[in-house]
Amino acid sequence: DQQVKQNSPSLSVQEGRISILNCDYTNSMFDYFLWYKKYPAEGPTFLISISSIKDKNEDGRFTVFLNKSAKHLSLHIVPSQPGDSAVYFCAASRGGGKLIFGQGTELSVKP
Amino acid sequence: DTAVSQTPKYLVTQMGNDKSIKCEQNLGHDTMYWYKQDSKKFLKIMFSYNNKELIINETVPNRFSPKSPDKAHLNLHINSLELGDSAVYFCASSQDFSSGSRADTQYFGPGTRLTVL
């Protein structure tokens with residue numbers, strides 16, 4: 001039972017344009033959500049997070065949107081840069097330190 | 001000054017062997033984790049230790065035994081390795097969530113790719 005899903009395994013975007021990565025979850029008890037970025041042969045790197053009491057959190061070029069009624073979150077990267085090419089994982093938590101991860105979306109930003 | 005480090009980065013071994021993976025964090029965190037990333041790229045939590053105490057133990061075969069000599073170290077020992085144990089294993093750490101603060105932001109090590117032949 002996959003509680004966190006990233007339905008797009010890959011995404012290709014032109015440099016300078018917006019990248020939108022999507023994530024859906026099924027468990028309404030999740031109250032904290034995170035995005036991680038992963039380069040090949042490296043560990044996931046924390047990018048940005050959002051609490052369920054908010055619907056938007058912004059950090060530089062990265063913005064995460066949360067739609068609780070739809071159980072959906074998205075990560076917007078504006079403008080996209082070639083260095084953003086990586087696998088992006090969303091994760092959800094209901095506390096206690098247990099993160100549930102999606103299967104990742106591979107972003108490719110073309111120069 | 002790596003925050004979360006793991007050794008070795010690559011481990012190739014025969015079925016039936018026993019092996020260990022070491023993890024160390026210098027972030028001053030109280031909680032450490034082991035995750036397994038399987039061939040389908042899912043990252044799944046295996047164990048969590050808080051101040052050397054086992055907190056989370058997912059349905060992992062008891063051939064896997066985590067050991068935490070101190071709160072900066074969490075090692076993973078695997079007995080009688082099987083082909084299905086081949087995966088990338090990630091260690092992570094976070095602040096102490098038991099204090100009531102939200103400490104779900106976890107910081108990951110570089111991973112150990114285990115190949116069982």
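The values are calculated or read from the model by the stated rules, or taken from the named source; none is laboratory data. Given the structure is predicted, the values throughout are model-derived calculations rather than measurements. FYI the Cβ positions are ideal-geometry reconstructions off the backbone, even for glycines, and counts take in every protein chain you see. To get the accessible areas, we keep the full protein, side chains included, count just its heavy atoms, and leave off ligands, DNA and RNA. Shrake-Rupley method; radii C 1.70, N 1.55, O 1.52, S 1.80 Å.
A few points about this structure:
- Note on chain A: GNM, Cα springs under 10 Å; of A:LEU75, A:LEU21, A:LEU47, the largest mean-square fluctuation is that of A:LEU47.
- With 21 Å as the limit, the listed pairs A:LYS37/A:LYS110; A:LYS37/B:LYS71; B:LYS9/B:LYS67 have A:LYS37/B:LYS71 beyond it between alpha carbons.
- Gaussian network model of chain A, springs between alpha carbon atoms under 10 Å - residue of A:LYS98, A:LYS38, A:LYS54 with greatest fluctuation: A:LYS98
- For B:ASN62 and A:ARG17, a Förster radius of 45 Å and the Cβ-Cβ distance give a FRET efficiency of 0.35, rounded to the nearest 0.05.
- Using the Cβ-Cβ distance between A:HIS76 and A:MET29 with R0 set to 22 Å, the FRET efficiency from 1/(1 + (r/R0)^6) comes to roughly 0.30.
- As a length-normalised measure over Cα pairs under 8 Å and 6 or more apart, the relative contact order of chain B settles at 36 percent.
- The phi-based Karplus calculation (6.51 cos²θ - 1.76 cosθ + 1.60; θ = phi - 60°) puts the 3J(HN,Hα) values of the stretch B:30-47 at 9, 10, 10, 9, 10, 10, 10, 10, 8, 5, 8, 6, 6, 9, 10, 6, 10, 9 Hz, whole numbers, x for Gly and Pro.
- Rg/Rh, computed from the Cα trace of the protein assembly as shown with Rh as the Kirkwood radius, has the value 0.97.
- Dipole in debye (nearest 20) - chain A, about Cα centre, beta carbon charges: Lys, Arg +1; Asp, Glu -1: 140 debye
- Buried accessible surface for the A/B pair, both sides summed and rounded to the nearest 100, is 1700 Å² with a 1.4 Å probe.
- Centroid-to-centroid separation of the stretch A:13-33 and the stretch B:1-64 [C-alpha atoms, Å]: 27 Å
- Per-atom-type breakdown for chain A gives carbon and sulfur 48% of the accessible area (1.4 Å probe, protein chains only).
- Take the Cα of B:ASP38, step 7 Å toward its Cβ, do the same at A:SER51, and the gap between the two points is 3.5 nm.
- Accessible surface calculations at 1.4 Å, restricted to protein heavy atoms, place the protein assembly as shown at 48 Å² per residue.
- Largest GNM mean-square fluctuation across B:ASN26, B:ASN51, B:ASN62, computed for chain B with C-alpha springs under 10 Å, falls on B:ASN62.
- With the convex hull constructed from alpha-carbon coordinates only, chain B shows a mean projected area of 6.9 nm² over all directions.
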